[in-house]
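The values are calculated or read from the model by the stated rules, or taken from the named source; none is laboratory data. Quick caveat, the model's predicted, so the values are computed rather than measured. Please note: Cβ atoms are built from the backbone with ideal geometry, for glycine as well, and neighbour counts cover all protein chains shown.
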Amino acid sequence: MIKGGIIGFAVSVVCLLIPVLHFILGPLGPIIGGYFGGTATKAGTGTALGIGFVMGLFLVPPLIIVAVLRNQIADAMPGPISPLILVVVAAVFPIYAMSMGTLGAAIGGQMAQKSG
């Protein structure tokens, strides 16, 4: 489960790093990552849920770092960014990654189990 979550999170990050394609691959990254994580571990339904949970948990520390850095360099940032927006983003992104990672892991696990 943890192995699948690490693989899924790593693939999600790689999807964000590809210039220009990150506009398409970024939002789909958790699904793609979950698919690879679920395939690698031949995840069942319960394991897929765990993979999605681990992927979402791995998003929390980077979001905390971004929020802290945002507060440290508030004067250098262009335009006002409400702290409420940061809280909403910090709450929604891990939930999105968890749900999409779980979906991808379930699909990948089913495909891996069918193929052998």
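Could you give me the residue pairs with C-beta distances under 6 Å whose first residue belongs to the stretch 34-56 and is at positive phi, whose second residue is crowded, with 22+ Cβ neighbours inside 10 Å and at pLDDT 95 or above wherever it lies, and which are 6+ apart or on separate chains?
If the second residue must be crowded, with 22+ Cβ neighbours inside 10 Å and at pLDDT 95 or above, the pairs left are Lys42/Gly109.
Quick check, is Ala91 aliphatic (A, V, I, L, M), surrounded by 14 or more Cβ atoms within 10 Å (Cβ to Cβ) and at negative phi?
Working: aliphatic (A, V, I, L, M): yes; surrounded by 14 or more Cβ atoms within 10 Å (Cβ to Cβ): no; at negative phi: yes.
Here the answer is no, as Ala91 does not meet what is asked.
Looking at the structure I just gave you, is Leu63 exposed (fewer than 15 other Cβ atoms within 10 Å of the Cβ), among the aliphatic types (A, V, I, L, M) and free of Cβ contacts under 8 Å to residues at least 40 places away in the same chain?
Here the answer is no, as Leu63 does not meet what is asked.
Report yes if some residue within the stretch 38-57 is surrounded by fewer than 21 Cβ atoms within 10 Å (Cβ to Cβ), part of a helix (DSSP H, G or I) and of a type in the set (S, T, N, Q); otherwise report no.
yes
Out of all the residues in the stretch 13-40, which are of a type in the set (Ser, Thr, Tyr) and at pLDDT below 95?
Scanning the stretch 13-40 gives no hits.
Looking at the stretch 1-11, which of its residues are surrounded by fewer than 24 Cβ atoms within 10 Å (Cβ to Cβ) and not hydrophobic (A, V, I, L, M, F, W, C)?
Lys3
What residue, among those in the stretch 12-37 that are in a helix (DSSP H, G or I) and more than 14 Å from the chain's Cα centre (by Cα), is surrounded by the fewest Cβ atoms within 10 Å (Cβ to Cβ)?
Among those that are in a helix (DSSP H, G or I) and more than 14 Å from the chain's Cα centre (by Cα), it is Phe23.
Does at least one position in the stretch 79-98 carry a residue that is more than 16 Å from Gly5 (Cα to Cα), of a type in the set (Gly, Ala, Ser) and part of a helix (DSSP H, G or I)?
Yes, some residue in the stretch 79-98 is more than 16 Å from Gly5 (Cα to Cα), of a type in the set (Gly, Ala, Ser) and part of a helix (DSSP H, G or I).
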